[in-house]
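Colleague: Have a look at the structure that comes next, please.
The values are calculated or read from the model by the stated rules, or taken from the named source; none is laboratory data. Quantities reported herein were computed from a predicted structural model and do not represent experimental measurements. Virtual Cβ from ideal backbone geometry, glycine too; neighbours counted across all protein chains shown. Please note that ligands, DNA and RNA were not included when accessible areas were found on the heavy atoms of the full protein model with its side chains. Shrake-Rupley method; radii C 1.70, N 1.55, O 1.52, S 1.80 Å.
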Amino acid sequence: MPESWDVELQGVTKYFGSVVAVEGLTLRIQSGQFYSLLGPSGCGKTTTLRMIAGFEHPSQGIIRIAGQDVLGIPPYRRNVNMVFQHYALFPHMSVEENVAYGLKQKKVSVPEIARRVQQALAMVQLTGLERRRPHELSGGQQQRVALARALINRPTVLLLDEPLGALDQKLRKAMQLELKSLQRTVGITFIYVTHDQEEALTMSDYIAVMNAGRLEQLGTAIEVYERPRTRFVADFIGLSNFFRGEVIRSEGGLVVAVDRRMHLALPPHSGARPGQRITVAVRPEKVRLAPVSSDAPSGLVGRVASSTYLGEQTEYRVGVNGLGTIIARRQNSEIDSATPRLAAGELVQLSWALESSLILPEEGVASHEREG
Amino acid sequence: MLRPTTDRAASPSASRWLVLPAGVWYFFFFVIPLSFAFIFSFGHRGAYGGIELGFSFDQYVRLAQPIYSKTFLTTLAMASAGTLGCLILGYPLAYFLATRVHRHKLLMLLLVIIPFWTSFLIRTYGITILINDRGLLNTLLMNLGWVSEPVRLLFTPWGILLGLVYNYLPLMVFPLYVSLERLDKTLLEASKDLGAGRLATFRNITLPLSLPGVIAGLMLVFIPLTGEYVVPQILGGGKILFMGGLITSQFVSTRDWAFGSAAAVSLIVLLLLVITVYMRRLGRRAEDPFA
Ligand SMILES: Nc1ncnc2c1ncn2[C@@H]1O[C@H](COP(=O)(O)OP(=O)(O)OP(=O)(O)O)[C@@H](O)[C@H]1O
Ligand SMILES: [Mg+2]
């Protein structure tokens, strides 16, 4: 395979004593991609980054950077730079000295360093703050210094470990866009670690969803959101309603018998076979709610248990006999006299488009087996 | 009614009382004796010892005599050498304890202070047994054939230096250990990530960030060393006089309180001078809000 990847992990496993931090991880990261590692706390994201940077050594497996096996190459000889979670700016150095640090180590000439520091600071809009110390900067500014300090070295790959984690919501959003456009401008491969699914969805070209040290699903933002392959992914990325049951044949085609009385229709070409036990996932925003009009309603009917105003949306919890609680979300902008707000206690009719049903393997027999 | 207690505790009028016990202590045992010394230094020795108050600079003029200024210089030189010795031995030790020891850290720190559990005098006399002409050290060196006759250490400046470093090393190690221990290890990783090897990382990050600890250690060792008189007495055999020894003898044996006070006041002034100059130079480099 003469294919060239900027970073390639092949069956990488990392043990800390008896703790398995990363297990059998295989990733191929193309040049120029914005690649996210997404997963809950403790799933091994930081450990993966640290292995690429050279701070940890894989217990098993191979890591290649620009095609070269980096086994035994210390961090200071890898053409990779890292933006640390808490930035790790040098407190005793000015902004300028922080940013110049990498070039100084490479013995770049003084005028060249000065020129590139100016360039890097302009890129992250920090011109004029050269003489400040890190503690004299806001969180967002510190973040930019950390970025400039890493990018000035023109690494093959930039590693970012939850770089926006310490910022408030609004600044986070602004920095997300800025980071993304910066990445497009410089064209450097970004490997971006986050546990925030929204962040990963908005920024990434490609997402690797991790769970308990393993790869759960790989794909573009649309793929992992619209076509999650495991219950974990459907649950972690966005909310989902889950229904477990057995696939049976009925007049209209295949259905899932969630309960003896409750049957959910399956989309055509779902690939499910009769007798199989599966989980059906439906996103709350795909669930439609309508006030019950007739006296003898058909289909799914439930009673609104609670409604929660979320700003842009309202979330309804609807109790349905045989299915439990179903969560539905409605855009508040769609509320008008024809579709009024629903009140607790109201009877409602629930429905969703057939193709909104995501078919997942039953939990426990997902894409991988877990050994004890 | 519930009242928040936190803002009361934080109010300046309440926290002011916290300094009271220490304030009283310092007033009675530091400010008053020091004032006495200051006043005494302008007086004269009484006919039967003690003090006759007055106002003259006679004692200070006496101090300017070569024999006494030599004592001043000896004191400063020996204290500086002892401090330097503590730093040279202490820094690597503190660095090792802070960065390389992961298990039994407390035990290792305990080992550093265990010598302090024995009396200062006993420890210092103990050294005479080690370094005298027929002591352990010389026996070893001669048996190994490295020297043909005993190395003279006891009753020489080197012997004193050895005793000073031995006794004061923990005072250097602790502040160094603390500053190295709390150094954010991700800064070292950031440095390596940016292309600096181990040595460059030490020079650029570890050393400057441990400077506050270095300064504290130097102070903690240097200041008491200038007042030291037990070690030069025992290991120097009374041949090498420190200011501490001079002052003690004035008060205890010669009973010339005026001269003793003048010597003490001069020593304090001299120390203040040295420290100010040195803080100005090092302090600027260590000016670090995170420390
Ligand atoms: N140095 C270490 N020694 C022992 N265990 C470790 C070490 N570093 C990480 N681990 C363990 O490895 C697992 C993965 O840790 P890692 O830091 O990679 O998680 P993460 O995905 O970055 O989590 P978070 O989102 O909370 O930062 C965790 O169970 C953690 O406790
Ligand atoms: Mg992490």
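Colleague: Select from the stretch A:28-54 the residues that are more than 10 Å from ligand 2 (Cβ to nearest atom) and free of Cβ contacts under 8 Å to residues at least 60 places away in the same chain and list them in ascending order.
Modeller: Of everything in the stretch A:28-54, those that are more than 10 Å from ligand 2 (Cβ to nearest atom) and free of Cβ contacts under 8 Å to residues at least 60 places away in the same chain turn out to be A:R28, A:M51, A:G54.
Conditions (1) surrounded by 15 or more Cβ atoms within 10 Å (Cβ to Cβ); (2) among the basic types (K, R), marked per residue:
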| position | (1), (2) |
| --- | --- |
| A:L177 | no, no |
| A:R214 | yes, yes |
| A:S240 | yes, no |
| A:L264 | yes, no |
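Colleague: Additional query: Quick check on A:L25: is it within 16 Å of ligand 2 (Cβ to nearest atom) and open to solvent by less than 50 Å² (accessible area, probe 1.4 Å)?
Modeller: Taking the combined requirement at face value, the residue satisfies it.
Colleague: With under 23 Å from the mean Cα position of the chain (by Cα), open to solvent by 10 Å² or more (accessible area, probe 1.4 Å) and not charged (D, E, K, R) as the only criterion, which of B:L225, B:L209 stands out?
Modeller: Result of the check over B:L225, B:L209: B:L209.
Colleague: Still on this structure: Please count how many residues of the stretch A:103-115 are surrounded by 12 or more Cβ atoms within 10 Å (Cβ to Cβ) and part of a helix (DSSP H, G or I).
Modeller: Residues meeting the conditions: 6.
Colleague: Read through the list (1) out of contact with any helix residue (DSSP H, G or I) (no Cβ under 6 Å at 6 or more places or on another chain); (2) under 26 Å from B:F259 (Cβ atoms); (3) outside any helix (DSSP H, G or I), then give the number of the only condition that B:I51 fails.
Modeller: So B:I51 meets the others, but not (1).
Colleague: Is the stretch A:116-124 home to any residue that is open to solvent by 30 Å² or more (accessible area, probe 1.4 Å), of a type in the set (A, V, I, L, M, F, W, C) and either within 23 Å of the chain's Cα centre (by Cα) or at pLDDT below 95 (or both)?
Modeller: Scanning the stretch A:116-124 turns up at least one residue that is open to solvent by 30 Å² or more (accessible area, probe 1.4 Å), of a type in the set (A, V, I, L, M, F, W, C) and either within 23 Å of the chain's Cα centre (by Cα) or at pLDDT below 95 (or both).
Colleague: Could you pull out the residue among B:T139, B:T118 that is open to solvent by 50 Å² or more (accessible area, probe 1.4 Å), farther than 30 Å from B:M243 by Cβ and of a type in the set (S, T, Y)?
Modeller: Every option except B:T139 fails the conditions.
Colleague: Do you know which residues across the stretch A:76-99 are more than 9 Å from chain B (Cβ to nearest Cβ) and surrounded by fewer than 22 Cβ atoms within 10 Å (Cβ to Cβ)?
Modeller: A:N79, A:S94, A:E96, A:E97
Colleague: Checking A:L160 against (1) open to solvent by 20 Å² or more (accessible area, probe 1.4 Å); (2) under 25 Å from B:A190 (Cα atoms): exactly one of these is not met. Which one?
Modeller: (1)
Colleague: Is it true that some residue in the stretch B:170-182 is modelled with pLDDT under 95, within 14 Å of chain A (Cβ to nearest Cβ) and surrounded by fewer than 20 Cβ atoms within 10 Å (Cβ to Cβ)?
Modeller: Yes.
Colleague: Within the stretch B:51-77, track down each residue that is open to solvent by 80 Å² or more (accessible area, probe 1.4 Å) and aliphatic (A, V, I, L, M).
Modeller: Residues satisfying the conditions are B:L53, B:V61, B:I67, B:L73.
Colleague: Please state which of the following conditions B:R16 fails to meet, knowing it meets all the rest: (1) in a helix (DSSP H, G or I); (2) under 15 Å from B:I247 (Cα atoms); (3) at pLDDT below 90.
Modeller: So B:R16 meets the others, but not (2).
Colleague: Assuming A:E97 fulfils every condition listed in (1) without any contact (Cβ under 8 Å) to a residue 40 or more places away in the chain; (2) under 31 Å from the mean Cα position of the chain (by Cα) apart from one, which condition is it?
Modeller: The single condition A:E97 does not satisfy is (2).
Colleague: Could you figure out which of (1) more than 14 Å from chain B (Cβ to nearest Cβ); (2) within 16 Å of ligand 1 (Cβ to nearest atom); (3) open to solvent by 10 Å² or more (accessible area, probe 1.4 Å) isn't true of A:A200?
Modeller: Single failed check for A:A200: (3).
Colleague: Which members of the stretch B:189-241 meet the condition of being within 8 Å of chain A (Cβ to nearest Cβ) and within 27 Å of B:S80 (Cβ to Cβ)?
Modeller: Across the stretch B:189-241, the qualifying residues are B:P208, B:L209.
Colleague: To continue, here is another question. If A:Q141 meets every condition in (1) surrounded by 15 or more Cβ atoms within 10 Å (Cβ to Cβ); (2) of a type outside the set (A, V, I, L, M); (3) within 14 Å of another protein chain (Cβ to nearest Cβ) apart from one, which number is that one?
Modeller: Here A:Q141 meets the rest and fails (3).
Colleague: What tally of residues in the stretch A:149-200 results from selecting those that are in a loop (DSSP other than H, G, I, E, B) and at pLDDT below 90?
Modeller: 4
Colleague: Grab the strands (runs of 3 or more DSSP E) fully contained in the stretch A:1-75, keeping just those with 1 or more residues being near ligand 1 (Cβ under 10 Å from one of its atoms).
Modeller: Ranges flagged: A:7-16, A:19-29, A:34-38.
Yes/no per residue for (1) within 13 Å of chain B (Cβ to nearest Cβ); (2) over 22 Å from A:G39 (Cα atoms):
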residue: A:R115; (1), (2): no, yes
residue: A:V124; (1), (2): no, yes
residue: A:L151; (1), (2): yes, yes
residue: A:P155; (1), (2): yes, yes
residue: A:L158; (1), (2): yes, no
residue: A:K173; (1), (2): no, no
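Colleague: Right, something else. For the stretch A:142-158, state whether one or more residues are away from ligand 1 (no atom under 16 Å from the Cβ) and without any contact (Cβ under 8 Å) to a residue 12 or more places away in the chain.
Modeller: Looking for residues that are away from ligand 1 (no atom under 16 Å from the Cβ) and without any contact (Cβ under 8 Å) to a residue 12 or more places away in the chain, one finds none in the stretch A:142-158, hence no.
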